[in-house]
Amino acid sequence: MSFRINATPGPWEVCEFSADHADALPGEVGVFAPQHPDSMQKEDGTWHGVTVCRGMTGPAKRENATLIACAPEMLAMLQLVWRKHVTDDPDIGWDELGDKLGDTRCNAMGIENFNDWLEGLKSDD
(Lines give C-alpha, C1' and ligand atoms only; values in the text may rest on other atoms or scores of the structure.)
Protein backbone atom coordinates (compact mmCIF):
# COMPACT_ATOMS: atom_id res chain seq x y z
CA MET A 1 0.00 0.00 0.00
CA SER A 2 1.36 3.40 -0.92
CA PHE A 3 0.43 6.72 0.61
CA ARG A 4 0.64 9.85 -1.49
CA ILE A 5 0.99 13.33 -0.08
CA ASN A 6 0.90 16.57 -1.99
CA ALA A 7 4.60 17.37 -1.69
CA THR A 8 7.70 17.28 -3.88
CA PRO A 9 8.62 13.61 -4.29
CA GLY A 10 11.86 12.42 -2.73
CA PRO A 11 14.60 11.66 -2.41
CA TRP A 12 15.85 15.12 -1.51
CA GLU A 13 19.48 16.19 -1.36
CA VAL A 14 21.47 18.94 0.31
CA CYS A 15 23.02 21.48 -2.03
CA GLU A 16 25.14 24.58 -1.67
CA PHE A 17 24.05 27.39 -3.95
CA SER A 18 26.76 28.86 -6.10
CA ALA A 19 27.51 32.58 -6.10
CA ASP A 20 26.05 32.90 -9.59
CA HIS A 21 22.66 31.53 -8.49
CA ALA A 22 20.03 34.26 -8.60
CA ASP A 23 19.60 35.91 -5.20
CA ALA A 24 21.90 33.39 -3.47
CA LEU A 25 23.70 34.41 -0.32
CA PRO A 26 27.38 33.42 -0.07
CA GLY A 27 27.55 29.83 1.19
CA GLU A 28 23.76 29.45 1.27
CA VAL A 29 22.59 25.86 1.66
CA GLY A 30 19.29 24.36 0.62
CA VAL A 31 17.53 21.18 -0.38
CA PHE A 32 16.55 20.12 -3.88
CA ALA A 33 14.84 17.17 -5.55
CA PRO A 34 17.16 15.74 -8.22
CA GLN A 35 14.71 13.06 -9.36
CA HIS A 36 11.82 15.46 -9.87
CA PRO A 37 10.82 15.50 -13.56
CA ASP A 38 11.71 19.22 -13.79
CA SER A 39 15.26 18.71 -12.43
CA MET A 40 18.28 18.15 -14.63
CA GLN A 41 22.06 18.13 -14.41
CA LYS A 42 23.85 20.57 -16.69
CA GLU A 43 26.90 19.65 -18.77
CA ASP A 44 29.20 21.37 -16.24
CA GLY A 45 27.90 19.08 -13.46
CA THR A 46 25.74 21.69 -11.74
CA TRP A 47 22.07 21.05 -11.08
CA HIS A 48 19.09 22.98 -12.28
CA GLY A 49 15.95 21.80 -10.69
CA VAL A 50 13.26 21.86 -8.12
CA THR A 51 14.33 23.54 -4.90
CA VAL A 52 12.47 22.22 -1.86
CA CYS A 53 13.84 24.91 0.44
CA ARG A 54 16.73 27.33 0.55
CA GLY A 55 18.18 30.18 2.52
CA MET A 56 19.91 28.24 5.29
CA THR A 57 22.95 30.03 6.63
CA GLY A 58 24.85 29.97 9.89
CA PRO A 59 26.94 27.38 11.70
CA ALA A 60 24.34 24.55 11.54
CA LYS A 61 23.15 25.18 7.98
CA ARG A 62 24.31 21.83 6.59
CA GLU A 63 22.91 19.87 9.54
CA ASN A 64 19.57 21.70 9.22
CA ALA A 65 19.47 21.01 5.48
CA THR A 66 20.33 17.34 6.07
CA LEU A 67 17.45 16.97 8.51
CA ILE A 68 15.03 18.57 6.05
CA ALA A 69 16.36 16.45 3.17
CA CYS A 70 15.54 13.32 5.20
CA ALA A 71 11.84 14.23 5.43
CA PRO A 72 10.66 11.82 2.68
CA GLU A 73 12.67 8.98 4.24
CA MET A 74 11.35 9.79 7.72
CA LEU A 75 7.76 9.83 6.44
CA ALA A 76 8.28 6.41 4.83
CA MET A 77 9.74 5.17 8.13
CA LEU A 78 6.74 6.47 10.09
CA GLN A 79 4.44 4.63 7.69
CA LEU A 80 6.42 1.41 8.20
CA VAL A 81 6.34 1.80 12.01
CA TRP A 82 2.60 2.45 11.86
CA ARG A 83 2.01 -0.68 9.80
CA LYS A 84 3.99 -2.84 12.24
CA HIS A 85 2.80 -1.31 15.50
CA VAL A 86 -0.86 -0.59 14.74
CA THR A 87 -1.76 -3.35 12.28
CA ASP A 88 0.92 -5.89 13.32
CA ASP A 89 1.77 -6.36 9.63
CA PRO A 90 3.42 -9.80 9.41
CA ASP A 91 5.39 -8.73 6.32
CA ILE A 92 7.53 -6.46 8.51
CA GLY A 93 9.85 -8.16 10.97
CA TRP A 94 10.94 -6.46 14.19
CA ASP A 95 14.63 -6.83 13.28
CA GLU A 96 14.00 -5.32 9.84
CA LEU A 97 12.12 -2.45 11.45
CA GLY A 98 14.95 -1.83 13.92
CA ASP A 99 17.55 -1.83 11.15
CA LYS A 100 15.54 0.63 9.05
CA LEU A 101 14.94 2.88 12.06
CA GLY A 102 18.69 2.95 12.73
CA ASP A 103 19.46 3.76 9.09
CA THR A 104 16.91 6.58 9.04
CA ARG A 105 18.27 8.08 12.26
CA CYS A 106 21.85 7.88 10.92
CA ASN A 107 20.84 9.65 7.72
CA ALA A 108 19.05 12.39 9.65
CA MET A 109 21.62 12.84 12.43
CA GLY A 110 24.88 11.76 10.83
CA ILE A 111 26.72 8.64 11.98
CA GLU A 112 28.82 10.47 14.58
CA ASN A 113 25.82 12.06 16.27
CA PHE A 114 23.94 8.76 16.07
CA ASN A 115 26.81 6.97 17.84
CA ASP A 116 26.93 9.70 20.50
CA TRP A 117 23.18 9.27 21.01
CA LEU A 118 23.61 5.49 21.42
CA GLU A 119 26.38 6.03 23.98
CA GLY A 120 24.10 8.41 25.86
CA LEU A 121 21.45 5.70 26.06
CA LYS A 122 23.96 3.32 27.61
CA SER A 123 24.98 5.88 30.23
CA ASP A 124 21.33 6.44 31.19
CA ASP A 125 21.05 2.83 32.40
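The values are calculated or read from the model by the stated rules, or taken from the named source; none is laboratory data. All values reported here derive from a predicted model rather than from experimental measurement. Counting neighbours? That spans all protein chains shown, and the Cβs are built from the backbone with ideal geometry, glycine included. To get the accessible areas, we keep the full protein, side chains included, count just its heavy atoms, and leave off ligands, DNA and RNA. Shrake-Rupley method; radii C 1.70, N 1.55, O 1.52, S 1.80 Å.
On a straight-distance basis, which aspartates and glutamates could pair with residue 61 in a cross-link, Cα separation under 18 angstrom, same-chain partners fewer than 8 positions away excluded?
Within reach: 13, 16, 23, 28, 112.
Working with all protein chains in place, sort 96, 28 by solvent-accessible area computed with a 1.4 Å probe, largest first. Intermediate results must be reported in sequence, preceding the final value.
On the way: 96 70, 28 5 Å².
If we order 96, 28 from most to least accessible, we get 96, 28.
Which of these values of log10 I(q)/I(0) by the Debye sum over Cα atoms at q = 0.12, 0.23 Å⁻¹ was calculated from the structure shown: (i) -0.59, -1.31; (ii) -0.46, -1.24; (iii) -0.44, -1.55?
Matching entry in (i) -0.59, -1.31; (ii) -0.46, -1.24; (iii) -0.44, -1.55: (i).
Taking K and R as +1 and D and E as -1, what net charge do the other residues with C-beta under 10 Å from the C-beta of residue 110 add up to? Provide the component values of the computation, followed by the final result.
On the way: positive: 62, 105; negative: 63, 112, 116.
Once positives and negatives cancel, what remains is -1.
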